[in-house]
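In what follows, a single structure is set out as structure tokens and then discussed.
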Amino acid sequence: MLVFSNQTLKSIKVFAEREYPYECCGLLIGKHTSTDIQVKRHISSPNVTREDKRETFEIDPKIRFDVMRDLEDGSGLSIIGHYHSHPDEAAIPSKKDLEMAFEPELVWVILSVIKGSVIDIVPFIYNTEQKMFDRLQIKIN
Ligand SMILES: [Zn+2]
């Protein structure tokens, strides 16, 4: 189960719609508990891919580096995953997403943005044994 605050989820939605028709992307900061993965906040990133931004994404490595450094403050929080949008496509991992998935335990949140509006938000986690994405449940509190 991936737990979001309403406010964080809303903020990601607004960002995804603003970046349409391009893919948005960003990092999810939070922690694992015995039962859940809790998202505490998100850090948006420019999509720095050199390919077509409507079909793929790349998080700015400098942002990831800075975030990792900032999280060394003993708060117990870490990068638990990332999110990106699929403009005018379903919230299902693409072939390219599968090719880029190699880090276990990392949550992938995909937002489907149809004609500029977010209609679906689905979290996945990469299963390194089966080399596929498992769908997670989402909970808003
Ligand atoms: Zn994708």
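The values are calculated or read from the model by the stated rules, or taken from the named source; none is laboratory data. Given the structure is predicted, the values throughout are model-derived calculations rather than measurements. Note: ideal-geometry Cβ built from the backbone for every residue, glycine included; neighbour counts use all protein chains shown.
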Among the candidates Gly76, Gly81, which residue alone is within 20 Å of Phe4 (Cα to Cα), assigned to a loop (DSSP other than H, G, I, E, B), small (Gly, Ala, Ser) and in contact with a strand residue (DSSP E or B) (Cβ under 8 Å, 6 or more places away or on another chain)? Gly76
Among (1) closer than 22 Å to Leu136 by Cα; (2) touching a strand residue (DSSP E or B) at 6+ places or on another chain (Cβ under 8 Å); (3) modelled with pLDDT of 95 or more - the single one Ser5 does not satisfy: (3)
Can you confirm whether segment 45-55 contains a residue that is touching a His at 6+ places or on another chain (Cβ under 7 Å) and not aliphatic (A, V, I, L, M)? no
Any idea how many residues of segment 59-108 are acidic (Asp, Glu), surrounded by 11 or more Cβ atoms within 10 Å (Cβ to Cβ) and more than 10 Å from the ligand (Cβ to nearest atom)? 6
State all residues of segment 112-141 that are farther than 17 Å from His86 by Cα and hydroxyl-bearing (Ser, Thr, Tyr); if no residue qualifies, say none. Tyr126, Thr128
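Test Ile37 against the stated conditions and say whether it is under 19 Å from Asp66 (Cβ atoms) and out of contact with any Ser or Thr (no Cβ under 6 Å at 6 or more places or on another chain).
On the way: under 19 Å from Asp66 (Cβ atoms): no; out of contact with any Ser or Thr (no Cβ under 6 Å at 6 or more places or on another chain): yes.
When the stated conditions are applied, Ile37 does not pass them.
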Take Gly30 and decide whether it is more than 19 Å from Asp97 (Cβ to Cβ) and either within 16 Å of the ligand (Cβ to nearest atom) or at pLDDT below 95 (or both). no
Restricting to segment 102-119, count the residues that are out of contact with any Asp or Glu (no Cβ under 9 Å at 6 or more places or on another chain) and either without any contact (Cβ under 8 Å) to a residue 24 or more places away in the chain or under 20 Å from Ile43 (Cα atoms) (or both). 6
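Residues that are among the small types (Gly, Ala, Ser) and either surrounded by 15 or more Cβ atoms within 10 Å (Cβ to Cβ) or within 22 Å of Glu58 (Cβ to Cβ) (or both): does segment 111-132 have at least one? First the steps, then the outcome.
Within segment 111-132, the first condition is being among the small types (Gly, Ala, Ser), and the residues that meet it are 112, 116-117.
With the extra rule that they be either surrounded by 15 or more Cβ atoms within 10 Å (Cβ to Cβ) or within 22 Å of Glu58 (Cβ to Cβ) (or both), the set shrinks to 112.
Scanning segment 111-132 turns up at least one residue that is among the small types (Gly, Ala, Ser) and either surrounded by 15 or more Cβ atoms within 10 Å (Cβ to Cβ) or within 22 Å of Glu58 (Cβ to Cβ) (or both).
Look through segment 4-45, keep the residues that are basic (Lys, Arg) and part of a strand (DSSP E or B), and return whichever of them is surrounded by the most Cβ atoms within 10 Å (Cβ to Cβ). Show your work before the answer.
Of all residues in segment 4-45, those basic (Lys, Arg) come to 10, 13, 18, 31, 40-41.
From what is left, the residues that are part of a strand (DSSP E or B) are 31, 40-41.
On the way: Lys31: 14, Lys40: 16, Arg41: 13.
Of everything passing the filter in segment 4-45, Lys40 is surrounded by the most Cβ atoms within 10 Å (Cβ to Cβ).
Each row is one residue, and each column tells you yes or no for (1) part of a loop (DSSP other than H, G, I, E, B); (2) more than 13 Å from the chain's Cα centre (by Cα); (3) among the basic types (Lys, Arg); (4) within 16 Å of the ligand (Cβ to nearest atom).
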{"residue": "Arg54", "(1), (2), (3), (4)": "yes, yes, yes, yes"}
{"residue": "Leu111", "(1), (2), (3), (4)": "no, no, no, yes"}
{"residue": "Ile119", "(1), (2), (3), (4)": "no, yes, no, yes"}
{"residue": "Ile125", "(1), (2), (3), (4)": "no, no, no, yes"}
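Please count how many residues of segment 82-141 are acidic (Asp, Glu), farther than 22 Å from Val39 by Cα and at pLDDT 95 or above. I'd like the intermediate steps shown before the answer.
Within segment 82-141, the subset acidic (Asp, Glu) is 88-89, 97, 99, 103, 105, 120, 129, 134.
Cutting the leftovers down to farther than 22 Å from Val39 by Cα gives us 88-89, 99, 129.
Narrowing the set further to residues that are at pLDDT 95 or above leaves 88-89.
Residues that pass the stated criteria total 2.
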